[in-house]
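A quick write-up on the structure given underneath.
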Amino acid sequence: MFTKFCAAVSKISLILAVVGLIAVVLCVQWQVIGRYVFNDSPTWAEATALLLVLFVTAFGLGVGVRDAGHIGLESLVVLLPDHWRYRIELVIHALVALFGGLMAQGGWLWASAKWGEKKPMLPLPDGIDYVPLIIAGALIVLFSIEHIIALLRGEEVEPAWN
């Protein structure tokens, strides 16, 4: 049941990342059209595109951790005997989860600290720039726990696009 939940969260994150990427392209296109066709650049387009890039990265990072697409030294781990490889993989996922937790905590602290300030080009609080850190950190923790449970059960985690 936990794996199905994580798979659903991963697919939703992947869809949100794709939708966000399309929105970034549309914002940049609108910026270019405004600048070169109408000779009047919309101030919100660039700021919105930059904010969307942060959210796209957060969702994509979470999906990358679930699908084991993060950076790792797998070539060294593969050379180890099975019982050592199993232990090292557990430690790796635990450390990745710790990193995600620290990332979410740091994002929460920064978002809370900056929430009272306003963004200059958008009618949004300045702390919204740090919300993607919270999202990415929470997804990393969730998917790392899923990997740990799968390792303990002797199973593999199915990628989000399957």
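Any read-out appearing in this document is the output of simple, stated calculations on the displayed coordinates, not a laboratory observation. Being a predicted model, the structure only gives us computed values, none of them experimental. So basically every Cβ, Gly included, is an ideal-geometry build from the backbone, and we count neighbours across all protein chains shown.
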**OP:** Could you rank the peptides 123-130, 140-147 by their average count of other C-beta atoms within 10 Å per residue, with the highest value first?
**Re:** 140-147, 123-130
**OP:** With no solvent and one equal point scatterer per Cα, compute the Debye intensity ratio I(q)/I(0) for the chain at 0.18, 0.20 Å⁻¹ and report its log10, rounded to two decimals.
**Re:** -1.08, -1.21
Original post:
Using the beta-carbon distance between ASN39 and MET121 and R0 = 25 Å, what value does 1/(1 + (r/R0)^6) give for FRET efficiency, to the nearest 0.05?
Top reply: 0.85
**OP:** Counting only C-alpha contacts under 8 Å and six or more residues apart, can you give the relative contact order of the chain as a whole percent?
**Re:** 29
Subject >> Mean residue ellipticity (222 nm) of the chain, computed from DSSP H runs ≥ 4 via -39,500 (n - 2.57), nearest 500 >> reply: -26000 deg cm²/dmol
Original post:
Taking N as the number of residues in segment 100-160, what value does Rg over Cα atoms divided by 2.2 N^0.38 Å take?
Top reply: 1.53
**OP:** Tell me which residues come under 5 Å, amide H to amide H, from LYS119 once H is placed; ignore anything under 5 positions away on its chain.
**Re:** LEU124, ASP126
Subject >> Ranking of LEU139, LEU98, LEU52 by count of other Cβ atoms within 10 Å, fewest first >> reply: LEU98, LEU52, LEU139
Subject >> Karplus 3J(HN,Hα) series, Hz, for segment 149-155 with 6.51 cos²θ - 1.76 cosθ + 1.60 (x for Gly, Pro) >> reply: 4, 4, 4, 5, 8, x, 10
Subject >> Rounded FRET efficiency, nearest 0.05, which uses the C-beta distance separating PHE99 from ILE12 and R0 of 25 Å >> reply: 0.65
